[in-house]
Amino acid sequence: MAMKKRNMTDDTALQTMRRKSEHLRIVSEDDVVHSGSTLLEDVNLMHQALPELDLDEIDLKTTFFGRTLDAPLMITSMTGGAEYSEEMNRGLALAAAREGIAFAVGSQRVMLKHPEVSAHFAVRKYIPDGVLLGNIGAVQLEEYPVDTIVNLVDQIEADGICVHLNPAQELVQNEGHRRFKGLTKSIEHLMDKMQGRVLIKETGAGISPQTAKKLKSLGVEYIDISGSGGTSWTKVEMHRANKGSLRQVGETFSDWGIPTALSVIAVRRTCGKKTQIVASGGIENGLDAARAIAIGANIAGFARSVLVSFLDGGTDGASDYINRIKHELRIAMLLTGSADVAQLSATQYICTGKLREWLQYYGWSEGIRNGNEEN
């Protein structure tokens, strides 16, 4: 029997799936962490020795995409389309539901060519009452009609969609995109069609004040800053390249980006109180989460750390990790005298070190400030 010839579309989709599998392997096994810092360690929360609080009365609840979360935490989008994405998405959705936090699936790009894999992302039944978000690259907004992108959200019954910006990664990827004109207009069209249910996210290089200003002008109300200090996707691509000039390019830009703490403050200062900010990029513990919320974030997000916990211990392992983050966050809140997330957002902190230098450059540093003051 003659073998059926595979068309170019199928080849491209299979290449994408293989690349995503490589991404997951490299992220979980290799050194892909940014060599620089998130600068969250330069955020010093003010200790309160007489908090007049009990640990069990600390309220972590918050709202996000119109739903109530048990804690201001989110499993942010990872890579998608790999052969075990179904198991990963299902397991992490279950962990998110168990712990009452938000969850975003990996990139749904493969669904555009292979709709039969939509079941890998259709995890609403595992997180029936929680925040579930889809995910697509901004460059795909230029390649497909807006209704096709909206359909990705509908197919998995998501509350909205993450649109990821990753020009640094694309430029050090052999098969990556090289054209980024028109993305602002495409985001605007999607915003209109989705009635604002769009979260714009970076992928480890942060959001600058200039980019924040552009997003604000489009009416974007959800931004995941995904700053540097955590997983470096340029470093991931460096590992994929193995050798040659592309590997050298990846190494050159392996630590590219804006530190997480600076990016949170920049977006809050630029966009004001209305914008919901997810702080991701090197969030490793509950104290990191508390610091991020104190300086302006609404939600603290993590990906690689919970992925490693899932690969080691399945859904229970991921759930245990999230539960530890929640416990540490409660402790940080009690020690700052914050009974709830709103009070943590207004708690005092002192910026020192490199973060203070950055803030002074922008004229944003007053030494001791309240979290969302002047926003």
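The values are calculated or read from the model by the stated rules, or taken from the named source; none is laboratory data. For clarity, every value in this text was computed on a predicted model and none was experimentally measured. Neighbour counts are summed over all protein chains in view; Cβ atoms, including those assigned to glycine, are modelled from backbone coordinates with ideal geometry. Heavy atoms of the whole protein, side chains included, go into the accessibility calculation; ligands, DNA and RNA do not. Shrake-Rupley method; radii C 1.70, N 1.55, O 1.52, S 1.80 Å.
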Identity of the residue in region 59-76, of a type in the set (A, V, I, L, M, F, W, C) and closer than 18 Å to residue 292 by Cα, that ends up surrounded by the fewest Cβ atoms within 10 Å (Cβ to Cβ): 60
Long-range neighbours under 7 Å by Cβ, at least six apart or interchain, first residue on the phi > 0 side of the Ramachandran plot within region 212-228, second of a type in the set (Lys, Arg): 226/201
Within region 245-300, helices (runs of 4 or more DSSP H) holding 3 or more residues that are open to solvent by 10 Å² or more (accessible area, probe 1.4 Å) and of a type outside the set (A, V, I, L, M, F, W, C): 245-252
Close pairs (7 angstrom Cβ cut-off, 6 or more residues apart or separate chains): in contact (Cβ under 8 Å) with a residue 24 or more places away in the chain and under 17 Å from residue 57 (Cα atoms) in region 311-328, in a helix (DSSP H, G or I) and of a type in the set (D, E, K, R) anywhere: 323/99; 326/99
Residue in region 217-238 that is in a helix (DSSP H, G or I), within 27 Å of residue 148 (Cα to Cα) and more than 16 Å from the chain's Cα centre (by Cα) present: yes
Positions within region 154-172 being small (Gly, Ala, Ser) and under 15 Å from the mean Cα position of the chain (by Cα), in sequence order: 160
